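Enquirer: Handing you this structure, nothing more for now.
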Amino acid sequence: MILVTGATGTVGRLVLEALPTGQAVRVLAREPAGLTVPHPRVEVVRGGYGDETALLDALRGVRRALLVTSCVAGDDDALFIRAALAAGVEQVVKLSAGAVSDPLADDLITRWQRASEEALVSSGIAWTLLRPRSFMSNTLSWASSIQAEGLVRALYGRSANACVDPRDIADVAVRALTEDGHAGRAYTLTGPEPLTAFDQTQQLGRILGRPLRLEELTPDQARAALLRRHPEAVVEALLSSALRQRAGAKALVGHTVRELTGREPRSFRDWAGDHAGAFAPGTPGRVPGAP
């Protein structure tokens, strides 16, 4: 039995879709109504990490689990690990972040992810760590301004990130969940090239067949926009992360996706072509989550 958490989110949803149809799968979800269940062998347990009864029910008989947490500085990882130990789970595949391996990254989000990784690694459960760079799907946050104004607003628009298609993260996660040989491994996951917001804007414009313009935000403008969606401590962490990106900390391209899947990682052009409808006029925009 495999347990998938975060199954209504960007990566968990794709993992659930990509798991073999013959595989017995269980899902832990606070809001099961938001699930897309791709095949009949998926069992759903309603609840969250703070619900000990639901968590133990979800972990009963599970051999491997995908752990996705998003409450920054919260104790969801610790709660899950404690329950997984009690249930006899053999291996946990944790969705983390590429910044964890950067010794210069010391913002709140990275410290939380680093501590969460350490809690798993020291738990005695076999572990696999997935450390992706920025999700290509984060550009969906531009959908409304592209639809209405043909405009992308971004901080440090000429700074590069080796962003990755969430489908590639999911493909690696499925291998770690269904194959042997991934325990004790930490995988940094990137796309095939470093891209700036300017590069992405240009590529989206060509795919959509319309001119798009990039407007660079000042740090104060970016802070004000982020404060409308996040607590101040998280906003400061995101701004610190953007500064590291401007310094080149996120531009390195790795080869893990190719090594584990046997194919090249998907390009941003691939991702954008498959999701062009989200940016078309009259299509409601969606702001995805990202760890």
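Enquirer: Tell me whether the range 110-118 contains one or more residues that are of a type outside the set (D, E, K, R), in contact (Cβ under 8 Å) with a residue 60 or more places away in the chain and touching a helix residue (DSSP H, G or I) at 6+ places or on another chain (Cβ under 9 Å).
Expert: For the range 110-118, residues of a type outside the set (D, E, K, R), in contact (Cβ under 8 Å) with a residue 60 or more places away in the chain and touching a helix residue (DSSP H, G or I) at 6+ places or on another chain (Cβ under 9 Å): present.
Enquirer: Then there is this: Can you say whether GLY157 is more than 28 Å from PRO20 (Cβ to Cβ) and either in the same structural domain as LEU239 (by TED's automatic domain parsing) or not charged (D, E, K, R) (or both), as far as the supplied structure shows?
Expert: Here the answer is yes, as GLY157 does meet what is asked.
Enquirer: For the range 35-47, give me each residue that is in contact with a Lys or Arg (Cβ under 9 Å, 6 or more places away or on another chain) and either without any contact (Cβ under 8 Å) to a residue 24 or more places away in the chain or part of a helix (DSSP H, G or I) (or both).
Expert: Matches in the range 35-47: THR36, GLU43, VAL44, VAL45, ARG46, GLY47.
Enquirer: Any idea which residue in the range 237-291 is farthest from THR218 (Cα to Cα), counting only those that are of a type in the set (Ser, Thr, Tyr) and modelled with pLDDT of 95 or more?
Expert: THR261
Enquirer: Next up: Looking only at strands (runs of 3 or more DSSP E) that fall completely inside the range 135-247, which ones have 1 or more residues that are in contact with a Phe, Trp or Tyr (Cβ under 7 Å, 6 or more places away or on another chain) and touching a residue at least 24 places away in the same chain (Cβ under 8 Å)?
Expert: Because the criterion is at least 1 residues that are in contact with a Phe, Trp or Tyr (Cβ under 7 Å, 6 or more places away or on another chain) and touching a residue at least 24 places away in the same chain (Cβ under 8 Å), the strands (runs of 3 or more DSSP E) in the range 135-247 that meet it are 151-155, 213-217.
Enquirer: Name the one entry in LEU140, LEU95 that is outside the structural domain of TYR49 (by TED's automatic domain parsing) and within 19 Å of GLY12 (Cβ to Cβ).
Expert: LEU140 is the lone residue from the list that is outside the structural domain of TYR49 (by TED's automatic domain parsing) and within 19 Å of GLY12 (Cβ to Cβ).
Enquirer: May I ask you to verify whether ALA58 is among the small types (Gly, Ala, Ser), over 11 Å from ALA126 (Cα atoms) and buried (at least 16 other Cβ atoms within 10 Å of the Cβ)?
Expert: Judged against the criteria, ALA58 is a match.
Enquirer: Considering only the range 243-274, state which residues are within 17 Å of ASP102 (Cα to Cα) and surrounded by fewer than 17 Cβ atoms within 10 Å (Cβ to Cβ).
Expert: Answer for the range 243-274, where residues must be within 17 Å of ASP102 (Cα to Cα) and surrounded by fewer than 17 Cβ atoms within 10 Å (Cβ to Cβ): LEU243, ARG246, ALA247, GLY248, LEU252, VAL253.
Enquirer: For the range 23-34: of the residues being closer than 25 Å to VAL172 by Cβ and free of Cβ contacts under 8 Å to residues at least 40 places away in the same chain, which is surrounded by the most Cβ atoms within 10 Å (Cβ to Cβ)?
Expert: LEU28
Enquirer: If you don't mind, another one. Going through the range 120-134 one residue at a time, which ones are of a type outside the set (Phe, Trp, Tyr) and in contact (Cβ under 8 Å) with a residue 40 or more places away in the chain?
Expert: Listed by number, the residues that qualify are LEU120, SER123, ILE125, ALA126, THR128, LEU129, LEU130, ARG131, PRO132, ARG133, SER134.
Enquirer: May I pose another question? Taking the conditions exactly as written (under 27 Å from HIS275 (Cα atoms) and either crowded, with 21+ Cβ neighbours inside 10 Å or not assigned by TED's automatic domain parsing to the domain that holds LEU19 (or both)), does ALA148 satisfy them or not?
Expert: Yes.
The values are calculated or read from the model by the stated rules, or taken from the named source; none is laboratory data. Note that the structure is predicted; figures quoted are calculated from it, not measured. Cβ sites come from the backbone with ideal geometry, for glycine too, and all protein chains shown count toward neighbours.
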